[in-house]
Amino acid sequence: MYCVKKMTEDLYWVGGNDRRLALFENVYPIPRGVSYNAYVVLDEKTVLLDTVDHSVSPIFFENLAHVLNGRKLDYLIVNHMEPDHAATIEAVVLRYPEVTLVCNKKTAQMMKNFFSFDVDSRVHLVAEMDTLCTGKHTFAFVMAPMVHWPEVMVTYDVTTKTLFAADAFGTFGALGGNLYADEVNFQTEWLDDARRYYTNIVGKYGTQVQALLKKAATIEIEMICPLHGPVWRKDIGWFIDKYVHWATYTPEEDAVVIAYASVYGNTETAANILAGKLADLGVRNVKVYDVSATHASEIVSECFRASHLVFLSTTYNAGMFVNMENLVHDIVNHNLQNRTIALVENGSWAPTAGGLMRAEFSKLKNCTILDEMVTIKSSLKPDQLTQLDALAEAIVASMPKHEAPVHTPDAPVEQNAMFSLSYGLFVLTARDGAKDNGCIINTVTQLTDTPKRISIAVNKANYTHDMIKKTGVFNVSVLSNDAPFAMFQHYGFQSGRDVDKFAGVQGMARATNGVYYLPYCTNAFISARVTQTIEFETHTLFIADVTEARQLSEVPSMTYAYYFANVKPKPSKLKEQHGWVCKICGYVYEGEDLPADFICPLCKHGAEDFEKV
Ligand code: FEO
């Protein structure tokens, strides 16, 4: 009996769940099971995106036959050749002999390695950004080498803005009927498994994952369909942010993880004493793991989460204890970076574990290994507690400080505290007769819900300020995360008194009040009529009733913090940039030569409006 999930009008989940498998890839424990996701799109042509592991092939073929409902299978898009997704390709070919296999060159070669059917006669080879139109849908193919194997690609459904992400954004854990991440307690019940999946499966390839994230940042994504675990259709930015942390080896938390290897409990006692001392010094949520009791994959995952790592190992066969050696090599092989590491060694006659751990961890980039290593001879002695104190203090000293301020009558007004306020970013537009103008502001606030009323504070030096004072009418366009830096340059770094900011700009739209709003790189606009003004030294506060408000997209609103972190170019990056920038909207075309017939995908201006950077 089939067990499918209809996701949209023509998209179906046809995968399966395995709750019997003990070890994923025969190494990683999966007590919560795992899902093998495959998807079908029923268009004028029928499309299957990836297949499944052998273990769930019976239900997969029932699902596929049910969804196809007698139709032939036209295309199988193969994003990844690892057998947990590709094991049933040959069986698909046997059952649906007319199918065309859509894949890249490396995938075709791997298919020949794994199978014995005539691959060449069935494949349709694709390369970076090639597209396949199946009727209503157009699929674009984006190469993602080493996320997790060299042949990996992801497929973007341009029509529905759905990213079929291969292993990326996957997680351990079988699906419990809820297909979507927003239908489960992802943060509390799935995140640890998602991190363990990522760090152990693709953690080594952070650079390649960063490359994929960079490509993903240039497209609008409504839904992410991974090959394992829940599908993402909400809070996608939150999960991408986790991936950014993991791929850049940035700790998610200022936290301490202690891993110890102990044979008779003496090293374990030292670990517990150190953990207690850290707690006494104010460190919260210290995590302690016995490397013989906790699988290395869990500790590796914890090491990707925490900023500070402590390893205590007894000496065994003149080296590290066997499970600790395995863990240390695992961490080094996964390319962990940007951590502070503390060491404790034990040895009854010739302690060597500390030096060996230091030698291994020295291979990691940008890691600080604290000098205060403690050496135990068989068991910790009371006079060594000061050494553990020194180690605990050194760990705490290397953690960021959040000291409570001292309150005095002459308390300062720290500018940095003002920077902690969160703001959105907006293009404020106004119209005075035939003259249009706009500027960037960050001060739009909703005051009341009934009636809908907002306030804006506008610098008196702005030409837009004078226009609003005169006309009492304005629009606010809410900038979204896809707005480029040049848009800020265009509306924020020049005055409407000197230039006509809308001269030659195509694709602008006027709201019912006749004032322009920005229909691209924004997610909403709000029209308002001023009811009250309050004058300050440098700014006027306009209080206004909302007369029209429309949502334009679901791309998240850009915050001031996002602008500084992701949009405003870093000085070094400016020097590195090569390509062509659209003078109208700031879209960047990467490449030496701009095609003469190139059209800006954002503002639709032609190549003549691009300049080289
Ligand atoms: Fe889920 Fe790399 O396979």
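I'd like the Karplus ³J(HN,Hα) series for region 265-274: coefficients 6.51, -1.76, 1.60, θ = phi - 60°, whole numbers in Hz, and an x wherever there's a Gly or Pro.
In residue order, the calculated couplings are x, 6, 5, 4, 4, 4, 5, 5, 5, 4 Hz.
Can you list residues from other chains, or at least 5 along the same chain, whose modelled amide H is less than 5 Å from the amide H of Tyr180?
So Tyr180 has HN proximity to Val231.
Among all the aspartates and glutamates, which ones have a C-alpha under 18 Å from Lys106's C-alpha, if same-chain residues fewer than 8 places away are not counted?
Asp50, Glu82, Asp84, Glu90, Asp118, Asp120, Glu128, Asp130, Glu151, Asp167
Just subtract the alpha-carbon distance of Val322 and Thr269 from 0.36 nm times their residue separation and send over the number in nm, one decimal.
Values: separation 53, 0.36 × 53 = 19.08 nm, distance 1.90 nm.
Length gained, Val322 through Thr269: 17.2 nm.
Name the residue from Asn481, Met418, Gly354 whose Cα lies farthest towards the positive end of the charge dipole of region 348-507, charges +1 on Cβ of Lys and Arg and -1 on Cβ of Asp and Glu.
Asn481
Given a Förster radius of 51 Å and the C-beta distance between Leu385 and Ile219 as r, what FRET efficiency does 1/(1 + (r/R0)^6) yield to the nearest 0.05?
Between Leu385 and Ile219 the formula returns 0.35.
When the dipole is taken about the Cα centre of the chain, and only Lys, Arg (+1) and Asp, Glu (-1) are charged at their Cβ, what size is it in debye, to the nearest 20?
Result for the chain is approximately 820 debye, rounded to the nearest 20.
Over the Cα atoms of region 1-104, each weighted equally, I'd like the Debye log10 I(q)/I(0) at q = 0.14, 0.16, 0.18, 0.22 Å⁻¹, rounded to two decimals.
-0.51, -0.66, -0.82, -1.16
What spacing in nm lies between the two simple spin-label points modelled at Thr533 and Lys401, each 7 Å away from Cα in the Cβ direction?
For Thr533 paired with Lys401, the spin-label model returns 4.8 nm.
Just from the alpha-carbon atoms, what are the Rg and Dmax of region 178-301 in angstroms?
Considering region 178-301 through its Cα atoms, Rg and Dmax are 17.7, 56 Å.
Starting from the Cα of Lys136, draw a straight line to each of the lysines and keep only those under 22 Å, dropping any in the same chain fewer than 8 residues away.
Lys5, Lys6, Lys45, Lys72, Lys161
Nothing charged except the Cβ atoms of Lys and Arg (+1) and of Asp and Glu (-1): what's the magnitude of the dipole of region 291-367 about its Cα centre? Round to the nearest 20 debye.
Numbers: 5 positive and 6 negative charges, 54 e Å.
Dipole about the Cα centre, nearest 20: 260 debye.
Could you state the principal axis extents of the C-alpha atoms in the chain, from the largest down, to the nearest angstrom?
Taking max minus min along each principal axis of the Cα atoms, the chain gives 90, 81, 49 Å.
In whole Hz, what ³J(HN,Hα) sequence does region 347-352 give by Karplus (6.51, -1.76, 1.60; θ = phi - 60°), x for Gly and Pro?
x, 6, 10, 8, x, 10
Using Cα positions and a limit of under 12 Å, work out the aspartates and glutamates in reach of Lys234, with same-chain residues fewer than 8 apart set aside.
Hits, sequence-local ones excluded: Asp182, Glu183, Glu222, Glu554.
So what's the gap between the Cα centers of region 287-343 and region 265-281, to the nearest angstrom?
16 Å
Working out 0.36 nm times the residue gap between Met373 and Glu393, then minus their Cα-Cα distance, what length gain in nm do you get to one decimal?
6.0 nm
Once R0 is set to 22 Å, what does the formula 1/(1 + (r/R0)^6) return for the Cβ-Cβ distance between Phe485 and Leu594, expressed as a FRET efficiency to the nearest 0.05?
Values: r = 19 Å, r/R0 = 0.85.
Between Phe485 and Leu594 the formula returns 0.75.
Work out from phi, with θ = phi - 60° and the Karplus expression 6.51 cos²θ - 1.76 cosθ + 1.60, the ³J(HN,Hα) of each residue of region 457-462, listed in order in whole Hz, and give x for Gly and Pro.
Once θ is set to phi - 60°, the couplings for region 457-462 become 9, 10, 4, 5, 6, 6 Hz.
Identify, among Ser301, Gln109, Asn63, the residue whose Cα sits farthest towards the positive end of the charge dipole of the chain, taking +1 on the Cβ of Lys and Arg and -1 on the Cβ of Asp and Glu, with the dipole about the Cα centre.
Going by the charge dipole, the pick is Asn63.
Sort 271-277, 420-426, 560-566 for me by packing, meaning the mean count of neighbouring Cβ atoms within 10 Å per residue, highest on top. Don't jump to the answer; show the numbers that get you there.
Details: 271-277: 18.6, 420-426: 15.7, 560-566: 14.1.
Per-residue mean Cβ counts within 10 Å order the peptides as 271-277, 420-426, 560-566.
Could you give the size of the charge dipole of region 391-454 about its Cα centre, using +1 on the Cβ of each K and R and -1 on the Cβ of each D and E, expressed in debye and rounded to the nearest 20? Walk me through the intermediate numbers first.
On the way: 5 positive and 7 negative charges, 87 e Å.
Approximately 420 debye in magnitude.
Measure out, as a whole number of angstrom, how far apart the alpha-carbon centroids of region 159-223 and region 75-116 sit.
Between the Cα centre of region 159-223 and that of region 75-116, the gap is 23 Å.
Tell me the relative contact order for region 70-172 as a rounded percent, counting alpha carbon contacts under 8 Å between residues six or more apart.
Relative contact order of region 70-172: 23 percent.
I'd like to compare 72-83, 327-338: which one has the highest average count of other Cβ atoms within 10 Å, and what's the full order after that? Can you show the working numbers first?
On the way: 72-83: 21.3, 327-338: 18.6.
Top to bottom by mean Cβ count within 10 Å: 72-83, 327-338.
Within 10 Å of each candidate Cβ there may be at most 11 other Cβ atoms; applying that plus a DSSP loop requirement, which chymotrypsin sites (Phe, Trp or Tyr not before Pro) in region 462-508 survive?
Those satisfying the criteria are Phe493.
So how do 142-152, 90-100, 33-43 stack up, highest first, on mean other-Cβ count within 10 Å? Write down the numbers at each step before the final one.
On the way: 142-152: 20.9, 90-100: 15.8, 33-43: 23.5.
For the peptides 142-152, 90-100, 33-43, the packing ranking is 33-43, 142-152, 90-100.
Where a number appears in this text, it was derived from the coordinates with a stated rule and is not lab data. Given the structure is predicted, the values throughout are model-derived calculations rather than measurements. Cβ atoms come from the backbone with ideal geometry, glycine included; neighbour counts cover every protein chain shown.
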